[in-house]
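A short worksheet on the structure shown next.
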Amino acid sequence: VPASSEIAAAACAAGGTAGEIIQTRTYDLHITYDKFYQTPRLWLFGYDEARKVLTVDQMYEDVSQDHAKKTVTMETHPHLNSVIAASVHPCRHAEVMKKIIQTVTEGGRELGVHMYLIIFLKFVQAVIPTIEYDYTQNFSL
């Protein structure tokens, strides 16, 4: 992903101005499998507008206050040495996903396995409302 200064320079070269570029925080999303809960587990590692690593407090600013330090905690990433990342705790993932799938099937629709990840990311978006995912498949209950 290019740095914001590179994007601004490209915008100016294309005839625009750097002021037209919306500066936003970005996150790397990692999905691991939690063997204990037998569900996916989401990890987020954030960067500011200048691609500097976000502090723990800055990452908590992007999390719903109902979920900060409860559902979303800062923990050491299981596969990256010494990286502290925001983690959406998987303890209720299975329960919530099962409820969503039941709602869909009770409505007379079928939910293919290929849709699980899309639905999972929409569920996580409720916990971290400031993050917008770029997915092309639409799903509604």
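The values are calculated or read from the model by the stated rules, or taken from the named source; none is laboratory data. Predicted model only: the values in this text are computed from it and were never measured. Here the Cβ positions follow ideal geometry from the backbone for every residue, glycine too, while neighbour counts run over all protein chains shown. With ligands, DNA and RNA removed, areas are computed over all heavy atoms of the protein, side chains included. Shrake-Rupley method; radii C 1.70, N 1.55, O 1.52, S 1.80 Å.
For this structure, a couple of remarks:
- In region 93-108, the condition of being within 28 Å of Gln23 (Cα to Cα), more than 16 Å from the chain's Cα centre (by Cα) and modelled with pLDDT of 85 or more is met by no residue.
- Residue within region 58-70 that is within 17 Å of the chain's Cα centre (by Cα) and among the β-branched types (Val, Ile, Thr) present: yes
- When Lys35 is tested against (1) open to solvent by 80 Å² or more (accessible area, probe 1.4 Å); (2) touching a Pro at 6+ places or on another chain (Cβ under 8 Å), only condition (2) is not met.
- Residue check for Ser82: within 13 Å of Pro40 (Cβ to Cβ), of a type in the set (Gly, Ala, Ser) and at pLDDT 85 or above: no
- Leading residue by the ranking (farthest from Tyr116 (Cα to Cα)) among those in region 24-37 that are outside any loop (DSSP other than H, G, I, E, B) and polar (S, T, N, Q): Thr26
- Subset of region 109-141 (residues that are among the hydroxyl-bearing types (Ser, Thr, Tyr) and at pLDDT 75 or above): Tyr116
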